[in-house]
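Participant: I am attaching a structure below and will ask some questions about it afterwards.
Every number in this text was worked out from the coordinates using simple rules, so none of it is lab data. All of these numbers come straight from a predicted model, not from anything done at the bench. Neighbour counts are summed over all protein chains in view; Cβ atoms, including those assigned to glycine, are modelled from backbone coordinates with ideal geometry.
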Amino acid sequence: MTLEAHVRVARGGFRLDVALRVPPGSVLAVMGPNGSGKSTLLEVIAGLVPLTAGHVRLGGEDLADAATGRHLPPHERGLGVALQDGLLFGHLSARENVAFGPRAQGVAAAAARSAADALLTDVGLAGHARTRADRLSGGQAQRVVVARAVAARPRALLLDEPFGALDAATRPPVRAVVRRAVARGIPAVVVTHDLRDALDLADVLLVLQDGAEVQRGTPAGVVAAPSTPYVEQVVAGLA
Amino acid sequence: MLVVLAVVGTGVLVLPLVALLLATPWSDLPALVADPAVLQALRLSLLTAACTTLVALVLGVPLAWVLAHDDLRGAWLLRSLVTVPLVLPPVVGGVALLLLLGRRGLLGRSLDTWFGVTVPFTSAAVVLAQLFVSLPFLVLAVEGALRGADRRRALAAQTLGASPAYVLRRVTLPSVAPGVAAGAALCFTRALGEFGATVTFAGSFPGTTRTMPLAVYLALDTAPEQAVAMSVLLLLLSVAVLVALRGRWLGGLPAAHAARTTRVRA
């Protein structure tokens, strides 16, 4: 299942114009400073922001197409999404958060719960299954956010800064969870500020500037030969 | 210097209550409270305040929902109008209610001539007076909760495959419930303590409009011990609501919500 999109958005003074193609089982990392359009790109693919022009296709199916006016609502796109700031459901437990997607899609409670517990164990939160989400620390909450996005066996994974609040010790198991989900043969787009995430996880790195692509290549290739001083700054974490 | 002022400020709030508790004839309290006149006022107060809270929920939650949507034009005007009773002296509210619903009032005249209904000086008038004063508390508390349960969270739920109806049922409504409960509790205590609007618009008739605060005021002249007993009763009721509000219920209030969000981010 390939994710293929040409995303064009014009909102006020902001313009985004990006084309991407993510084959099944591979990860596209997107880097760029705040305001470069990374989050908007994800929100368009997720169906939260309408296209001005272009299209979003997943496995040959049109999720959105500005030409035909097609816009599949977010909940019918079959995606696993972690938006910026996580947005856990504070009144639900960590387990209920992770089980939310499967439950919403009709998976039986017991099955959803045991799958959620397994994922929570994977991200190192086995002891927090019953903790209310609004009582979790920032790092714990972020791990639940990733587990929640992965839990619904999505057809594609969209993650916005999924590791930002994690320290060096907790990152690897969470990255591993993402890697396993992708290995089931789905495409993933990961927005990040941290080059290490791109190097560790991504097949392709896309660097954005003011809503447009400035460089694309393997993460190691981009680091080795940044095309502009701006790209050099972005991958160094300075922009 | 700041600490001294803070201590004085605390004293202003706490010392009167200390005086009240010291003056309370604790051993005679059951007998004083068991007085038929006191029980009558207590029953009326609880009943009217409960009615007020119920009506406030029915009218206030939709109003809060409208206010919480920023894209609504003129929302600022609506919010200003809702806030006015908060800063208005309750007596003025009572006078305004009389001018609207009194026998010669804007609406009251028609109600009287067409339906033979007179609102002032009835238990319904007590509820209306309490509603005027306490509805804003509920509206603002619920609005804060609705804003806290921001729409991005509902969107996040949708991206996980939840239909809008499922999101409303499992995310939006449950996350707002504590705020609604907190608003209702605030509304109830405010209604319980209402004096100015009630005495102006509903008068002070035993059994129909003489609520606890009115009874306390009257008893202060004739039976001071009873006034103290009733005051302590009201104090205990209010504190009970406050205790019930603590913890999860208070989580719906805007300030508490903000504090919690900060904690999660920290």
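Participant: Equivalent ellipsoid semi-axes for the range A:44-147, as square roots of 5 times the alpha carbon gyration tensor eigenvalues: give them largest first, rounded to whole Å. Let's see the in-between values first.
Facilitator: Numbers: eigenvalues 191, 45, 22 Å².
Taking √(5λ) for each Cα gyration eigenvalue gives 31, 15, 10 Å.
Participant: Roughly how many whole Å is it from the C-alpha centroid of the range A:32-72 to that of the range A:88-163?
Facilitator: Their Cα centres are 25 Å away from one another.
Participant: Another question, then. Could you work out the relative contact order of the range A:9-142, using alpha carbon pairs under 8 angstrom and six or more residues apart, expressed as a whole percent?
Facilitator: Values: 120 pairs, mean separation 22.3, N = 134.
Relative CO of the range A:9-142 lands at 17 percent.
Participant: Could I get the Rg over Rh figure for the protein assembly as shown? Both from C-alpha atoms, Rh via Kirkwood, rounded to two places. Numbers along the way, then the final one.
Facilitator: On the way: Rg = 29.7 Å, Rh = 26.6 Å.
Expressed as Rg/Rh, it is 1.12.
Participant: Among DSSP beta bridges lying fully in chain A, give the percent that are antiparallel, nearest 5. Walk me through the numbers on the way to the answer.
Facilitator: Values: 27 of 44 bridges.
Roughly 60 percent of the DSSP beta bridges within chain A come out antiparallel.
Participant: Here's something else I'd like to know. Enumerate the amide H contacts of A:A19 below 5 Å, restricted to partners 5 or more residues apart or on another chain; note that Pro and chain-start residues carry no placed amide H.
Facilitator: The list, which skips near neighbours in sequence, is A:V7.
Participant: Return the long-range amide H neighbours of A:I186 (sequence gap of 5 or more, or a different chain), with a cut-off of under 5 Å between placed amide H atoms.
Facilitator: A:G25
Participant: Among B:T198, B:T83, which comes first, then next, by fewest other beta-carbon atoms within 10 Å? Mind dumping the intermediate values first?
Facilitator: Details: B:T198 32, B:T83 13.
By the 10 Å Cβ count, ascending: B:T83, B:T198.
Participant: Per 0.36 nm of contour for each residue apart, how much would the distance between B:A34 and B:V7 grow if the chain were fully extended, relative to their Cα-Cα spacing?
Facilitator: Numbers: separation 27, 0.36 × 27 = 9.72 nm, distance 3.79 nm.
Computed gain between B:A34 and B:V7 is 5.9 nm.
Participant: Cα axis of helix B:173-192 to longest principal axis of chain B: angle in degrees, 0 to 90, nearest 10?
Facilitator: Roughly 20 degrees between the two axes.
Participant: What is the helix-to-structure angle for A:171-183, meaning the angle in degrees between its Cα long axis and the longest Cα principal axis of chain A, kept from 0 to 90 and rounded to the nearest 10?
Facilitator: That works out to roughly 80 degrees.
Participant: Here's a follow-up. Can you work out the FRET efficiency for the pair A:A53 and A:A236, with r the C-beta to C-beta distance and R0 = 30 Å, to the nearest 0.05? Mind showing how you got there, number by number?
Facilitator: Details: r = 33 Å, r/R0 = 1.11.
Plugging the Cβ-Cβ distance into 1/(1 + (r/R0)^6) gives 0.35.
Participant: Net charge around B:T53, counting only other residues with Cβ within less than 14 Å of its Cβ (Lys, Arg = +1; Asp, Glu = -1)?
Facilitator: Values: positive: B:R190; negative: B:E194.
Charge balance in the 14 Å sphere: 0.
Participant: Taking the highest mean first, how do the peptides A:162-169, A:222-229, A:202-209, B:93-100 order by number of other beta carbon atoms within 10 angstrom per residue? Write down the numbers at each step before the final one.
Facilitator: Working: A:162-169: 16.8, A:222-229: 14.5, A:202-209: 22.6, B:93-100: 19.6.
Going from most to least packed, we get A:202-209, B:93-100, A:162-169, A:222-229.
Participant: Which loop-located trypsin sites (Lys or Arg not before Pro) does the range A:91-179 contain, where loop means any DSSP state but H, G, I, E or B and the Cβ has at most 10 other Cβ atoms within 10 Å? Don't skip to the end; give the middle numbers.
Facilitator: Details: sites: A:R95, A:R103, A:R113, A:R130, A:R132, A:R135, A:R143, A:R148, A:R155, A:R175, A:R179; in loops: A:R130, A:R155.
Loop-located and lightly packed - A:R130.
Participant: Would you list B:C187, B:C51 from fewest to most Cβ contacts within 10 Å?
Facilitator: Working: B:C187 29, B:C51 17.
Least crowded to most crowded, the residues run B:C51, B:C187.
Participant: At a threshold of 8 angstrom on Cα-Cα distance, excluding pairs fewer than six apart, so keeping six or more, what relative contact order does chain A reach in percent? Before the final figure, lay out the partial values.
Facilitator: Numbers: 495 pairs, mean separation 65.6, N = 239.
The value is 27 percent.
Participant: Given contacts defined as C-alpha pairs under 8 Å and at least six residues apart, what's the relative contact order of the range B:46-171, whole-number percent? Let's see the in-between values first.
Facilitator: Numbers: 96 pairs, mean separation 43.2, N = 126.
Relative contact order for the range B:46-171 comes out at 34 percent.
Participant: Would you tally the net charge around A:D210, using a Cβ to Cβ cut-off of less than 12 Å, leaving A:D210 out, and scoring K and R as +1, D and E as -1? Working shown, then result.
Facilitator: Details: positive: A:R15, A:K38; negative: A:D17, A:E213.
Local net charge: 0.
Participant: What is the distance in Å between the Cα centroid of the range A:196-216 and that of the range B:159-204?
Facilitator: Distance between centres, Cα-based: 47 Å.
Participant: Same structure, new question: How crowded by other chains is A:115-121, given as the mean number of beta carbons from other chains within 10 Å of each beta carbon? Could you put the intermediate results ahead of the total?
Facilitator: Working: counts 0, 0, 0, 0, 0, 0, 0.
Counting other chains' Cβ atoms within 10 Å and averaging over A:115-121 gives 0.
Participant: Here is a further query. Applying the Karplus parametrisation 6.51 cos²θ - 1.76 cosθ + 1.60 with θ = phi - 60° to the phi angles of the range B:226-240, what ³J(HN,Hα) value in whole Hz is obtained for each residue in order, glycine and proline being reported as x?
Facilitator: 5, 4, 5, 4, 5, 4, 4, 4, 5, 4, 4, 4, 5, 5, 4
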